[in-house]
Amino acid sequence: MPEVTVSQFADVVGVPVERLLEQLNEAGIASKSADGMISDAEKAQLLGYLRKKHGKDVDDLEPRKITLKRKTVSEIKVPVAGPGASRNSKPRSKTVNVEFRKKRTYVKRSSLIEEEEQREKAEADARAAIEAAARAEVEATARAEQELRDKAEAEVQAEAKAEADVAAEKQALKELAEQPTAEPAVAEAAPATAEPAAAKPDKAAPGRGRDDDNRDRRGRDKDKGKSGRQELHVATDKSGRRRKKPRGKPSGNRGTVVSQHQFEKPTAPIVREVNIPESITVAELAARMSIKATEVIKMMMSLGTMATINQTIDQETAALIVEEMGHKAKLLKENALEEEVMQQSQQGEQLPRAPVITIMGHVDHGKTSLLDYIRRTKVAAGESGGITQHIGAYSVTIDRGTMTFLDTPGHEAFTAMRARGAKVTDIVVLVVAADDGVMPQTEEAIQHAKAGNVPMIVAVNKIDKDNADLDRVKQELSKLDVISEEWGGDTQFVYISALKGTNVDGLLESILLQAELLELRAVADGPASGAVVESRLDRGRGPVATVLIQSGTLRKGDIVVSGHEYGRVRAMLNDQGNDIDSAGPSTPVEVLGLSGTPRAGDEMIVVSDEKKAREIALFRQGKFREVKLAKQQANKLQDMLTQMGEGETVSLNLLIKADVQGSAEALADSLEKLSNDEVNVNVVHNGVGGITETDINLAVASNALLVGFNVRADASARKRVEEEGIDLRYYSVIYDVIDDVKSALAGMLAPEVREQIVGIAEVKQVFRSKKFGDIAGCIVIEGAVKRDNPIRVLRDNVVVYEGQLESLRRVKDDVKEVQAGTECGIGVKDYEVKEGDQIEVFERITVNRSL
């Protein structure tokens, strides 16, 4: 470019003239004005300064890559057929502009060469690193092989030397045995010369020579070491290793003696202090005593116990073995870490807390209705058959204070759950119907309250009924040592009507009065501890545990341990379903974030860090696994002995899946109690959540009857059930399960009413209609949906509602039945369904049962 003025160059570059003059001045090109000329050299100098200012290489001013673009435009004619054109008419055409663009990039050769050199250098470095690693590996392998060869040669030489020593010793003994024994004759002929002969060896007295061989030149006994201690020798009939070498003959110098390796006895026996946990394997016990496991097994056999190297033995047996082996046993208490955590949680100032009240009583005596009236809600409406199936914990606030209520089921199958409720409660409210009086579950509730040393208040319910007899209730309870204050006892009797709310306030006053007498206190600050009231598996939120805080404050983010589960508290919900950040003593909360579902009644404690929580949980898991295995082994042995002693035994294997842990445990306990001398009920497994394909495989392997309590099988599990022919039964009321198993075991083969699934519809969308209400847009995926049949609503394979269809429509017509693969509109009576729910249509049929 020819020389131009500064102002012209500024216009070309696109910067103000003043800014260009400043840059020229900074680049060292002074005395320039707007009308002054600027040369190419000055432009290059300015460009170098600007590149250096922006951190680029000044030397490489030339671009590495240049791209040239070229565009050409031409025209072509394209024939066009008109609407009225004929075959002989002249074709019409139109002109179309065609634009052709060409792009070509030129790369600097030096840049290509530099990139190629860098790539080759990187490849060479990689190859060198690989070769170096390969050489190092080959050298290490060679060294290891050489060490193994040297070690093998040394062992071979040692064995050969030992064999030669043994052969030489045998030959020497043979030669000594063949020589004549002239020592007795010499002794009889000249007894006075015996001492000198002993002092100076005689060549004609080989016997004297052998005695003299046992002493060295200094007169010391050669069977003793340098320190004078008796040495330990190995007999010739034992192993050939480390045998005593025969004494070598002097050669040349008469004072030269061949050196040899000899054993020495330990100065004192080694006594070790062996730490023994509550359970330990034979191999681990042997390792702690630094002996072979075979020695421990021999000792156990001598004590009359047969064991293998991997068998687990108890603490007492291990301590006995350690003492028999000459060591000192130290018994370990493996729950020391748990006790330390519990002691930390109980330290602090104790403040007054709210009382925890457990409502107990017989079935349908009004426990839940009483709690409903207190909470102003309807809990019983959500329970199957009007019976409370789970333990519920609810916090109630009145004018005089706050109370926490535990509502335990009244059916006899939940005895264990009621027992856990009595352990965490402060006051028991025993609900007795005035018309029914004392029933079997009433007696059990009284026994639990007395066993836990918990004060009791009797609430006589249904006093508004015509056949209510209060004196009868007092008389029947007095036989159970529950005497009212009116009759001179110490138990408060409150007469109420839960349905109408009569005297419920008086019952609350009695509860608070009893709580004041107890002076309930707990540590409000510090790590929290509590009891698990219930747990379940929520598909959307994971394991959910209902916990009653007993001391301390549980906060979001705390690390907790419950049973053999642990985790961090991700969220906490109160009994109203609201999210909270902390909970103090006597507060029931739902905790999310555990690794699994703990058992109802397990204790929950807060630990300082996750490592400690994992240690406690893993230890408890190991103990639980050992107890389970021991129980399985005992059951197998017991079953074998029973069959050997009594011949054939009828055994019914059961696999139970329930919606919550408490129901699963209660079912297992109740069904196992049905066993007797002739029949046996064996619960193979009980768990929480929907029925999966793994459960079906376990049922097939154990030939078990599969029981689903308020849960359903998924698609893959249903397919396996059809393939394997597994007997899968669904239940929603617990005593139906017990009655069926009891009838089957007792041989009562009367016809029974079973529920058979007719069809399943999946909710795709919910429509809101002012005229018809909520209508669920569904598609029938299995069977057929019939309008007159009862239904259940499933959410994540768990039953959430049971009722009737309100309407069934196909397009715009009301229909009585819709087949599989067809869309339809379903209206569910008195319930709001959601997208993704499944509507299960079933019918009750009567069938004959057989074992």
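The values are calculated or read from the model by the stated rules, or taken from the named source; none is laboratory data. Since the structure is predicted, the reported quantities are computational estimates derived from the model, not experimental observations. Neighbour counts are summed over all protein chains in view; Cβ atoms, including those assigned to glycine, are modelled from backbone coordinates with ideal geometry. Accessible surface areas use protein heavy atoms only, side chains included; no ligands, DNA or RNA. Shrake-Rupley method; radii C 1.70, N 1.55, O 1.52, S 1.80 Å.
Some observations on this one:
- Considering only the range 675-778, percent of DSSP beta bridges that pair antiparallel, nearest 5: 55
- Sulfur and carbon atoms: percent of accessible area, the range 684-725 [1.4 Å]: 45
- Backbone amide hydrogens, once placed in the peptide plane, bring Thr553 within less than 5 Å of Gly526, Ala528, excluding anything fewer than 5 places away on its chain.
- Dipole check for the range 768-851: with +1 at the C-beta of Lys and Arg, -1 at the C-beta of Asp and Glu, and the Cα centre as origin, the magnitude is about 220 Debye.
- The share of Cα pairs per 5 Å bin across the range 92-144, counted from zero up to the longest distance, runs 4, 14, 9, 10, 8, 7, 8, 7, 6, 5, 5, 4, 3, 3, 2, 2, 1, 1, 0 percent.
- Solvent-accessible area of Val811 with every protein chain in place, 1.4 Å probe, in Å² to the nearest 10: 120
- Cross-link pairs Lys500/Lys829; Lys556/Lys764; Lys43/Lys103; Lys474/Lys657; Lys462/Lys816 - those with Cα-Cα distance over 32 Å: Lys556/Lys764; Lys474/Lys657; Lys462/Lys816
- In the range 468-623, the portion of solvent-accessible area held by carbon and sulfur atoms comes to 45 percent [1.4 Å probe, whole percent, DNA, RNA and ligands not counted].
- Measuring nothing but protein heavy atoms, the accessible surface of the range 788-851 at 1.4 Å probe radius is 40 percent carbon and sulfur.
- Protection proxy ranking of 296-309, 523-536, 276-289, by the mean of other Cβ atoms within 10 Å over each peptide's residues and highest first, is 523-536, 276-289, 296-309.
- Protein heavy-atom accessible surface, 1.4 Å probe, per residue over the range 473-573: 44 Å².
- Each Lys and Arg adds +1 at its Cβ and each Asp and Glu adds -1 at its Cβ; summed about the Cα centre, the range 127-180 shows a dipole of about 220 debye.
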